[in-house]
Amino acid sequence: MSRIFNFSAGPAVLPLPVLERARDELLEWDGAGASVMEISHRSKEFIAVAEQAEADLRDLLAIPADYKVLFLQGGAQLQFAMVPLNLLADKRGADYVNTGQWSNKAIAEARRFAEVNIVASSEYSDFTTVPPQSDWNLDPGAAYVHYTPNETIGGVEFHWVPDVGDVPLVADVSSTILSRPIDVSRFGIIYAGAQKNIGPAGLTIVIVREDLLGRTSPLAPNLFDYKKQAENGSMLNTAPTFAWYMAGLVFQWLKQQGGLAEMAEMNSRKAEKLYAAIDGSGGFYRNPVTPECRSWMNVPFTLVDPELDATFLTESKSAGLHALKGHRSVGGMRASIYNAMPEQGVDALIEFMRDFAGSRG
Ligand SMILES: Cc1ncc(COP(=O)(O)O)c(C=O)c1O
């Protein structure tokens, strides 16, 4: 077996011990005579898996008792619609911060349901920064404030949590969840597609403060109703059992690594050395993001000559460094270095980048 270093933005690398355990348990899980995929989501055996996963996630993120944790489907993009459908109630307006492509998509979807007020935008910088809170034009009457703490495509991250007073703060944490500790009590809702830092695609985690439940539009489908999902243990319909089980294994792995404080230390170290290699390349590589807004998880960079992109990709792939092609909308390269990317992977990438620049520069 030769596993690559996989820099995919998602679905992304999973921790090897998690994959090994899943492999070992695939044909027969926990003495059941069947795999975990083949048993009822309502069986007491699966309910135990589901509850343990929730308990471990609560531990990792120190989720306060007055928050519900939902294990849903539909991906993060379905939350772009479920958030307004669940939070607008008798209000019409919602505040959105625009920091790039994912906030833009969230805004476009919300406009189907709400009067969207763009309270701040970093478009002036071509989305290479985050707008300082002093420039935000918040509406105290808004149903909620939505932002994207980590823009996966632009590689722009908030390294601070906005203060929005009593208005519920909603965050799309798809590409930053579990990369560091966060204070969940600062948020009304956080949500994430699983396929970056949680587990396989097919699962979406929503963490919602209880007092926000019960405001759902009567037009929302049953499955979109946070309150009904919470009351039914996220099992209004057949749950994504295998993805849920895998997420549970990832949560256990994270606890074995020492939890999120430990992950934060490792993630900042990995990101710092990669940015240092880019900045120290004498202009051969370039990352356009303002240093204090650079993402720990997604590191886009361009080469001095785009004509070299194809060779860089071919040679890096031969060196076992895969999925470095930048998002189709921006080109260049992007290294996604989620929790499960070992530090050796980042070291190997840096060494390859130095050699490549040395032979072409
Ligand atoms: C920040 C962010 N939000 C939303 C999405 C969309 O997620 P999904 O494909 O789960 O709908 C992504 C996917 O890459 C993302 O990075």
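The values are calculated or read from the model by the stated rules, or taken from the named source; none is laboratory data. No experiment lies behind these values; they were computed from the predicted model shown. Note that we place each Cβ from the backbone using ideal geometry, even for glycine, and neighbour counts take in every protein chain shown.
Summary table
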read-out	value
Residue in the range 13-35 that is buried (at least 17 other Cβ atoms within 10 Å of the Cβ), in a strand (DSSP E or B) and within 16 Å of the ligand (Cβ to nearest atom) present	no
First in the range 73-85 and farther than 19 Å from Lys228 by Cβ and within 8 Å of the ligand (Cβ to nearest atom), second anywhere and aromatic (Phe, Trp, Tyr) and at pLDDT 95 or above, Cβ under 7 Å, 6 or more apart	Ala76/Tyr191
Matching residues in the range 98-114 - criterion: being under 15 Å from Ala143 (Cβ atoms), within 16 Å of the ligand (Cβ to nearest atom) and in contact with a Ser or Thr (Cβ under 9 Å, 6 or more places away or on another chain)	Ala106
Hits in the range 324-353 (condition: out of contact with any Gly (no Cβ under 6 Å at 6 or more places or on another chain), among the charged types (D, E, K, R) and surrounded by 20 or more Cβ atoms within 10 Å (Cβ to Cβ))	none
Selected residue (only one of Glu123, Glu151, Glu115, Glu109 is over 18 Å from the mean Cα position of the chain (by Cα), among the acidic types (Asp, Glu) and under 17 Å from Ala76 (Cα atoms))	Glu109
Of residues in the range 50-72 being surrounded by fewer than 16 Cβ atoms within 10 Å (Cβ to Cβ) and over 15 Å from Phe251 (Cα atoms), the one farthest from the ligand (Cβ to nearest atom)	Ala65
Total residues in the range 208-228, condition surrounded by fewer than 13 Cβ atoms within 10 Å (Cβ to Cβ) and farther than 22 Å from Arg186 by Cα	4
Residue pairs meeting the criteria (Cβ under 8 Å; at least 6 apart or on separate chains; first among the acidic types (Asp, Glu), in the range 89-113; second more than 10 Å from the ligand (Cβ to nearest atom) and assigned to a loop (DSSP other than H, G, I, E, B))	Asp95/Leu138; Asp95/Asp139; Asp95/Ala142; Asp95/Tyr144; Asp95/Val164; Asp95/Val167
Residue ID - surrounded by the most Cβ atoms within 10 Å (Cβ to Cβ), chosen from residues in the range 115-152 that are part of a loop (DSSP other than H, G, I, E, B) and within 16 Å of the ligand (Cβ to nearest atom)	Thr148
Scan of the range 153-162 for residues that are in a loop (DSSP other than H, G, I, E, B) and either within 16 Å of the ligand (Cβ to nearest atom) or in contact with a helix residue (DSSP H, G or I) (Cβ under 7 Å, 6 or more places away or on another chain) (or both), ordered by number	Ile153, Gly154, Gly155, Phe158, His159, Val161, Pro162
Unmet requirement for Ala201, which otherwise passes all of (1) near the ligand (Cβ under 8 Å from one of its atoms); (2) crowded, with 21+ Cβ neighbours inside 10 Å	(2)
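One line per residue, one yes/no per condition, for (1) more than 30 Å from Trp102 (Cβ to Cβ); (2) free of Cβ contacts under 8 Å to residues at least 40 places away in the same chain; (3) assigned by TED's automatic domain parsing to the domain that holds Leu274:
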site	(1), (2), (3)
Arg3	no, yes, no
Ser8	no, no, no
Pro11	no, no, no
Asp24	yes, yes, no
Ala34	yes, yes, no
